[in-house]
1. Just for the stretch B:19-59: of the residues that are in contact with a strand residue (DSSP E or B) (Cβ under 7 Å, 6 or more places away or on another chain) and in contact (Cβ under 8 Å) with a residue 60 or more places away in the chain, which one is surrounded by the fewest Cβ atoms within 10 Å (Cβ to Cβ)?
2. Determine which single condition residue A:3 fails, assuming it passes every other condition in (1) out of contact with any strand residue (DSSP E or B) (no Cβ under 6 Å at 6 or more places or on another chain); (2) free of Cβ contacts under 8 Å to residues at least 12 places away in the same chain.
3. Quick one: would you say residue B:80 is under 24 Å from residue A:6 (Cα atoms) and modelled with pLDDT of 95 or more?
């Protein structure tokens, strides 16, 4: 049985945003920590941090703000613009999945492989 | 200025088809030669050949038939099913690009980065 898979991302000179960054920001937002979000993504903290810095540089605005100190060694929260971008991309991605599945059904729905026969 | 990029492919247990294989089959169809098509894709002949064999195994039908002999050492043509899959996928991909661009415009069209401001 065929399944449709897709990867989507935004670019200008470099990569700006996409499925992976959106997932990372969602986890930071939920966990309040880039370190924990990175572990959950099976990335090193360094990789996650480098990704965020690269995106921020290409986007021209900060995605995260660090909260210093405290017994837990501080945490990370999304900036207003970071959260707005995450939510916007997530809505876009959800709609994209829906229309891609519809198109896939239109074009491949009568194939033996896609009907479970 | 943001641009939308996407990769799409079909899977069941393994990869079945996608943007790269479609481009390779288009070139084989035009050039009548897997060897020339591979060069044009900047792949080695071996890579192209392995890709075709893997796809054929996953799909359960042949994509290409080889024409033996002749002064040029023979050539490669698409099978009827191979050409049908290529054309079907190409139509699907064209429609997918169109709806993804429309959705992108809907969701990101008012962002400074996407309007050229």
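1. Restricting to residues being in contact with a strand residue (DSSP E or B) (Cβ under 7 Å, 6 or more places away or on another chain) and in contact (Cβ under 8 Å) with a residue 60 or more places away in the chain, the top hit is B:19.
2. (1)
3. Here the answer is no, as residue B:80 does not meet what is asked.
The values are calculated or read from the model by the stated rules, or taken from the named source; none is laboratory data. What you are looking at is a predicted structure, and each value in this text was computed from that prediction instead of being measured. Positions of Cβ are backbone-derived with ideal geometry, glycine not excepted, and every protein chain shown enters the neighbour counts.
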